[in-house]
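The values are calculated or read from the model by the stated rules, or taken from the named source; none is laboratory data. Note that the structure is predicted; figures quoted are calculated from it, not measured. Using ideal geometry, Cβ is built from the backbone for each residue, glycine included, and neighbour counts are taken over all protein chains shown. Surface areas here come from the heavy atoms of the whole protein model, side chains and all, with no ligands, DNA or RNA. Shrake-Rupley method; radii C 1.70, N 1.55, O 1.52, S 1.80 Å.
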Amino acid sequence: MGLSAMRDVLATTVSRKALIAFCVLGSAGANAATISVSSLSASAFDSHTPIPHSDIAQSDGDGIVKAMLSCATERYTHGVLGDAIEAGCLVVEDNEGSVFKLDLPKSQVFEDLIPRIADVNADGKNDVVVVRSEQGQGAALAVFNLSQKQLKLLVDTPSIGKGNRWLAPVGIADFTGDGVMDVAYVQTPHIGGILKVWSFVDGDFVEIAQSRGFSNHRIGDTRVSTSKLADRNNDGVIDIALPDQRRNNTVWVTLFPEFTVLESNPLSSQDFD
């Protein structure tokens, strides 16, 4: 079955299992010159087809209220998320019903299945957070927002620096109790996973913590992240639960007041329900 036919068949069976644990509780402009952006009619959102196994994100509030990974492509040969198909574009709708589409250059794809809507820069308007991968550079976590009626890159983490190296998002929350949004992911979860946490400060991401020994994804699994966010120690600050590298234990960590392992228990699938 060709890619076009596959898209038509799978369009009616797109997964709705968005475990936004990547829960929603680099530098901007790095590739702005090569990104194609267009404003579309309101009906254009539903005219696009989400890539197989992906989820259409929806939210209330101002700014972005719907987001879809579309423009299926096989130009990035990695396939950690169950098949060889990745997204070549991001389609969003704002709270006024306007629709915008961002096409990546041919060297890049969105290597993700869940666009995550959150107000990362605390301006009162929703942004969207996705994994963007590039030939020869691997994955980065990228945040896009609507500015002057255009869908633009707001901020991104540095790329891993090697092709076919991926990261599995964990969550978006204030992990340090300072009132600033942070993002967390596990870099290379299949080969020596490193938990990294970044805080949005003065228009850019600043890395505030990293720790080795975690794996929140299995190769080929369409569940993007096995993780959970909750206030485990009841101190009013969100904590993170992840499987360890061998996936034998569930490890709870906190970043408040500093990075600390709270507990480690035998892993159960119910830990992440």
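In table form, for the structure just shown:
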quantity	calculated
Reachable lysines, given that their alpha-carbon falls under 30 Å from the alpha-carbon of Lys228 and they are not under 8 places away in the same chain	Lys17, Lys66, Lys125, Lys152, Lys162, Lys196
Rh (Kirkwood; distinct C-alpha pairs) - the range 155-234, Å	13.4
C-alpha center-to-center spacing [the range 231-273, the range 147-177] in angstrom	22
Protein accessible area in the range 40-153, 1.4 Å probe - carbon and sulfur %	42
Overall dimensions of the range 177-273 as given by Cα atoms, namely Rg and Dmax in Å	13.3, 40
Accessible area (Å², 1.4 Å probe, nearest 10) - Glu263	60
Fully extended contour minus Cα-Cα distance, from Thr77 to Asp244, at 0.36 nm per residue	57.4 nm
Accessible-area order (highest first, 1.4 angstrom probe) of the listed residues Glu86, Glu134	Glu134, Glu86
Contour minus Cα-Cα distance for Arg218 and Gln58 (0.36 nm per residue)	55.0 nm
Directionally averaged projected area (convex hull, Cα atoms, the range 191-242), nm²	5.0
Full-stretch length increase - Asn121, Asn164 - with 0.36 nm per residue and alpha-carbon distance subtracted	12.6 nm
Partners for Lys101 among aspartates and glutamates (Cα-Cα distance below 13 Å; same-chain residues under 8 apart left out)	Asp46, Glu93
At R0 = 25 Å, FRET efficiency that the Cβ-Cβ distance of Ala84 and Asp46 yields, to 0.05	0.45
Positive minus negative residues near Arg232 (Lys, Arg vs Asp, Glu; Cβ under 12 Å)	-4
With eigenvalues of the C-alpha gyration tensor scaled by 5 and rooted, the range 92-185, Å	22, 19, 10
